[in-house]
Structure formats: structure tokens, C-alpha cells
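First comes the structure, then the notes that go with it.
The values are calculated or read from the model by the stated rules, or taken from the named source; none is laboratory data. A quick note: this is a predicted structure, and the numbers were derived from the prediction, not measured. We place every Cβ from the backbone using ideal geometry, glycine too, and count neighbours over all the protein chains shown.
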Protein chains: 2
Amino acid sequence: MPASPQDASQSRHDARHSPARDESLTIGLSAVIVAVTGDDPKVLVVRRHGGRDALPSGPLERGHRTLETGLRNWVERQTLQKLGHVEQLYTFGDRDRSETDGDHATRRLSVAYLALVREARPAGDAGTAGADAVWTSWYRFFPWEDWRDGRPAILDVLEPALRTWAAADARHATRRLERLSLNFGLGDEAEERTGWNDERTLERYELLYEAGLVAEGRRDRDSTPAVRHQMDTEMAVDHRRMLALAIARLRGKIKYRPVVFELMPPSFTLLQFQRTVEALSGVRLHKQNFRRLVEQQRLVEETGETSAETGGRPARLVRFRREVVLERPAPGVRLPMASSKR
Amino acid sequence: MPASPQDASQSRHDARHSPARDESLTIGLSAVIVAVTGDDPKVLVVRRHGGRDALPSGPLERGHRTLETGLRNWVERQTLQKLGHVEQLYTFGDRDRSETDGDHATRRLSVAYLALVREARPAGDAGTAGADAVWTSWYRFFPWEDWRDGRPAILDVLEPALRTWAAADARHATRRLERLSLNFGLGDEAEERTGWNDERTLERYELLYEAGLVAEGRRDRDSTPAVRHQMDTEMAVDHRRMLALAIARLRGKIKYRPVVFELMPPSFTLLQFQRTVEALSGVRLHKQNFRRLVEQQRLVEETGETSAETGGRPARLVRFRREVVLERPAPGVRLPMASSKR
DNA sequence: ACCCTTATGCTCAATTTTAGCATAATGGGG
DNA sequence: CCCCATTATGCTAAAATTGAGCATAAGGGT
């Protein structure tokens, strides 16, 4: 790899040096676009006839000043969605991402973004041939992440399978059990049950992947007998991993930054707000405490108006107080903890 | 890139599509390598004769399975440092990163990583011609971030300059003042002083950049009169931004993950530990409360041995309890809040 | 008017956090 | 050898935050 003369001195340590030019390299941008409608956290996925579901992805185009504007541009063009909050998630560049492109592996870099949109528009096609963008509950891809109605049934299948996997390899059994305990709250013995940590979505997915319990894990390195469970919905390449990361990030972030509001309509009731947070975090919250939290942090303010209803007494309509960003050091919805009650 | 028949349908929305090939594209990996010696948070920078300081950076080499192993490899080879914790920070891909490469801008993607190492080895050269890697306190690049000895003097220069900048543009004055208030704790009026938030390092740097108060900001778009302050040490391209991000991330992370231990020797006293946390976060902590926190979270355990000393009564030597990772949902050093006292 | 349902107000107790006070060990200097 | 400065630790009272519920308010429906 020849360096130009003036670069010669700035050798090794220099970023401007040694592009990976000799290797076939492509760069894509992928987006996890999230909206919440009613009780469901929705993500926009491209459903291909025949193929696996995928996240909307596009090329890195020239002409855009930043990666983010590039992303915003094509997403808004393609899906007709106006993006609110956008943040970069991670850059995936594993060699094996590429689906063996002949003999010499092409490295495929993919920069994943998380985007929040206020309303889940029909989305529909979007001018794409042979693929439709549809809003899908993210729990379709991660059924074990939804604890809102109690412990997800699918864990009755996954837990034993995970234990079996852990025990299968004598050398790593201890470490594996530790990880299970930490991430799935499978207290080994009388071990104090650590409980469910809603932010460990990615780690849990990776464990399931390693254990060969998700479709992608089986495909990529067809090991393990594999537990077929109806609800395990596969996605293209490493898109499910991106989604897992997005969920984890968002669940973490709502606790210290007022990003949830990017998902709410201009005015809403406190219960609607609570349901949205619950949808994202996958756990139930204690209603009165949730309200207390929101109000004393002054995250919202009255609109004066009052509800349209869902059942009982009319509820006040509130709106997000944008000023809070300036007041509290780290405003957000610090979840008042889970509650079994609805 | 010819798509195989079954891929033909996966047009637009697919990541595997439309690489940005027509645009000259290079990819580099940059590393913010952090160590703490005594009271100083150190970062490894490449000091070029004549040029600006830079972060160690290298090419994305083929042959490595993941970006992270690629990074680990060349860093360990080049700097002879054994990396502990490594995490991806961000991918920078702004068009204007490239230093005008003739007429058609080449896009330079740079994936930045944060790496923690236990000891700051002399590092010295590392087989590089014309550049030396040296450990430097990160406060050399961000003097306003060190509040350990009270309010940094440099703020007496920056604050007025920032206010002037904010007021200069009538249209954006309000928003700018809000940002100043939020990030620098410049309560506008009698406004309750929000206080200093140690994690807002990146936002503060960006404000200073926009205001033309850091060297890079002046160079890239030579605006504003610019306040020359001795301590403002410039770095190459957007390396100082990367460093700001690294600091912010690390400051945030130590609060909920036991990463600090990656920076500590095998055994240490509680005060040493506290000093390390203070070095990173840039604020003083209340000693007794810090200890209580550490102990009741059982982050450490006795070694049985006892200190070597720094002054008074000998201190117990403790070591990190690796098991904590499995017990607490999110172990870390939740800073017990700042204290003016030493 | 009575019942069901959701909205809100408030209270009480259990914990956690903030700020200090007080005592214990060591080394150095009169 | 005693006094002092210095750092290590142990403990505690007061304040603030959380976790759980009880009780009452308002609508809609029968």
C-alpha cells in the first residue's frame, strides 16, 4: 500500500493513512425506526417476499455532509417518515457479515442508526420494488423481552435450552451459567434472583445466538439441535442484533433523557405516556409512582384540556415541557420499578 | 455488485446494496487509549514534530474478523500496550473531515474506539518514524473539565466569550443561552445554578467549537475573533472531538459499570481508587460516602495486606471483586456527588 | 341510583443519600 | 517520649427518594 511522499513521515499512527483499499469494501447505513402506537413498540421492517425481514438500509451517498444527514435523507425519501430524534448506534464491520462473496471476502461495513418517529404512518410500500416496509411490534422478534403481562411463556422453552447449552461445555459451564444468571435472571440455586434487567436485550440476544437458539445462530454456523419456537422470527444478516442493540439503548436512554417525548403526540394523558414507557421497557410500572415521578420532575405541563377517554374518569391532557432539558441535570423517566399489577 | 438471482428483489432497502464506490473512500480506526497514573487521567497521543497532536490511528486491515480485533491488533503491536476494556465510540464520517483532497472530496470514515489500559507504560516511540506516542493528561486538551481544585480558572475567559457569542446572533440568542446554561451551568440570572454535569464534555466542546473558541473551530472556518488562551491545545482533524466523546462516555459509564477497575492495579487502597474516579470525572467526592458506596456495593474485597503509605494511618489494600458483575444489576461507582472539600 | 373503570391525591414505611463528628493508626518534629 | 499533622475508618442524624397502598373523584352505562 503505497503512501504518498508527504505522508511518509506520518506513518503508522496516522488516520489519514492506509485506507483499506485493496479489500473489497462496501458501506451501508441501516436504520432502526421506532414508533409507538397504543401499547406496541413498533419498528419499521422491510418484508421481502420469500426472504427474511430486514431493516431499511441504504447506501452511503456522496453529497451528504454527515452520515446522519445522509441517513435522514434517504429514510425520509424512501419511507416518507419524518424522523425525530436520530442517533448513531454502532458500526458493524465483522468480516463474516458478508455472505461469502466468492473467494475473497468483501468487508461490509454497516453503520446502524436509531430513529424515533412520532406517528407510525401506514408507511406502505415507498416506491420499492418487491419489498414492503411494514410496522411490526419489536416483540415479534424478541418475544422474551416483553414482561408486561408477566413472565413471557417462551422462556419456559428457552430457559431449559439455555441451561442445557451451558452445561454442554464443561470448560465454560461456570462462565456460561454466570452469564445466564446475570442476563436472564436465572438464579442458579437459592441464589437471590437478580431479577430482570430490561436493558440487557443485546446480551440476551447474543447468548441465545451463541446457544444456537435463534434462527440466525443456526444458519450462520448450523450447530446445536435448536429449539424451534414459533415466535422466533428471523431477520436478515445481523439486523436482529442491530434491533436488539437499539432496544437496549432506547431502554437505557429513556431513563435519563427525555427522548420518549419524540414518540408521543403533542398532547397526551399520563396513562398514555406510561403505556408508552412500558411498551418500550417491557415492564409494568406502578401508576401512582410513575405520575409522581413525572410531575415532580416537571417533565410535562397542563394543556388545560381534558381527555377523550378510554373508560372512566376523564384525564387531563398534558404536553412535554421542553424547558426541562435545561433544568434537571439528566431528565428522563427513571422507571419507578416494576409492578406485577396492571 | 452483481446480486444473485434470489437477491434481485432486495433492492433499495437493503444494506448490501449501492456501496459508495464512486466516491473516494477511506476507513481508519482511531483509539482513545486511557490510563490513570496517580491523579492524572492520561491519554496516549501522537506528537508529531511540527504538526498537531493526534490520536493513534491505523488502517482497517483485512484479515481481522471484527473491527475491534483489528484495532486491538495494531494498537498492541504499535504501542506495546496490552488493552483491557475496549469499546466502540462512534463512527465519524463527515464530509469535511477530509482535508480537501483536490477537487472531489474523499470521504474519510473513521471508527473511534475507547480503550482502557492498566498501566501507562513509557510507550515512547513504538517503531514510528517522525512521531512519538506520549501519555498526556487529557485535561491538557480540556482544561475547563477539571473541577477537582475548584472552578477552573480558564472559565473566567471562556464564560464571557461564550456569552458574547450567544448574544452576537439575535436570532439564536435564546437557544444559545439555554445551551450555555445547560452545559456550562451558567445560570442566566438568578436562575438556580444547575451545577456542573461532568458527563457533558462533548456538548461543551461543541459549544466552544461553534463559538470559535477552540483552535480547531478557528481553523476549520476561521470565524470569530477567538480567545487565545494558552491552555487550548489543538489536535488533528476531529481528534479532540473524539477525545471529548471518550471522556463523556467514560464518565458516564463508570457510574453503572465497573470499568474503572480496568485502570487500577491488582490491589489498591480505597483512596487510590477514589482518586482515580475523581481524575476521570473531574470532581471531588465525599470520602466517607465514597467508601460506604464502594463497600456496600461490595465492589472490592480485602487482600489482607495493608498499604505502603502516603501519610497517615496505613490503609487496607483491596482488590476488585469480579463476581459483582453477576450480582448487582448495574454495578458501578455512582458518584456520591461532588464536594468542595478535599 | 348503582356499578365499573380510570384518574388523582395523599400517607406511611423502608431505603438511600448527604454531611459531618469522632476515633484510630503512623511518622515526624520538638 | 509527647504532641501534631495526616490519612483511615466507623458511625449517625437529618433529608430526600422510593415502594406500596388506601381513599376519593368523575364519567359512562344499565
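For A:Ala105, the conditions (1) modelled with pLDDT of 85 or more; (2) under 23 Å from A:Glu234 (Cβ atoms); (3) out of contact with any strand residue (DSSP E or B) (no Cβ under 9 Å at 6 or more places or on another chain) all hold with the exception of (1). Among the residues of segment A:37-47, those that are over 20 Å from A:Ala112 (Cα atoms) and either free of Cβ contacts under 8 Å to residues at least 40 places away in the same chain or part of a strand (DSSP E or B) (or both) comprise A:Thr37, A:Asp40.
A single member of B:Leu158, B:Leu186, B:Leu182 is surrounded by 14 or more Cβ atoms within 10 Å (Cβ to Cβ), modelled with pLDDT of 90 or more and not assigned by TED's automatic domain parsing to the domain that holds B:Gly51, and it is B:Leu158.
Of all residues in segment B:288-306, those satisfying the criterion of being modelled with pLDDT under 90 and near DNA strand C (Cβ under 9 Å from one of its atoms) are B:Gln296, B:Gln297, B:Thr306.
Taken over segment A:29-57, the residue count meeting the criterion of being crowded, with 21+ Cβ neighbours inside 10 Å and either within 7 Å of another protein chain (Cβ to nearest Cβ) or under 24 Å from A:Phe261 (Cα atoms) (or both) is 18.
Residue-level analysis places A:Asp14 among those that are within 27 Å of B:Val32 (Cβ to Cβ) and either within 7 Å of chain B (Cβ to nearest Cβ) or at pLDDT below 85 (or both).
Would you point out the residue of segment A:263-298, among those that are within 13 Å of DNA strand D (Cβ to nearest atom) and in a loop (DSSP other than H, G, I, E, B), that is nearest to the chain's Cα centre (by Cα)? Per the criteria, the residue is A:Val283. B:Ala338 satisfies every condition listed in (1) at pLDDT 65 or above; (2) buried (at least 16 other Cβ atoms within 10 Å of the Cβ); (3) within 13 Å of chain A (Cβ to nearest Cβ) except (1). Can you find a residue in segment B:164-178 that is under 23 Å from B:Met242 (Cα atoms), of a type in the set (A, V, I, L, M, F, W, C) and surrounded by 17 or more Cβ atoms within 10 Å (Cβ to Cβ)? No, that holds for no residue.
Applying the set (1) within 19 Å of A:Leu263 (Cβ to Cβ); (2) within 12 Å of DNA strand C (Cβ to nearest atom) to A:Gly282 leaves exactly one unmet item: (2). Close Cβ contacts (under 9 Å, 6 or more residues apart or on different chains) running from residues in segment A:298-320 that are in the same structural domain as A:Gln272 (by TED's automatic domain parsing) and in contact (Cβ under 8 Å) with a residue 24 or more places away in the chain to residues that are of a type outside the set (Val, Ile, Thr) and near DNA strand D (Cβ under 7 Å from one of its atoms) comprise A:Leu299/A:Leu293; A:Ser307/A:Arg313; A:Ser307/A:Pro314; A:Ala315/A:Glu309. Scanning segment B:224-251 for residues that are crowded, with 18+ Cβ neighbours inside 10 Å, among the small types (Gly, Ala, Ser) and at pLDDT below 95 gives a single hit, B:Ala236.
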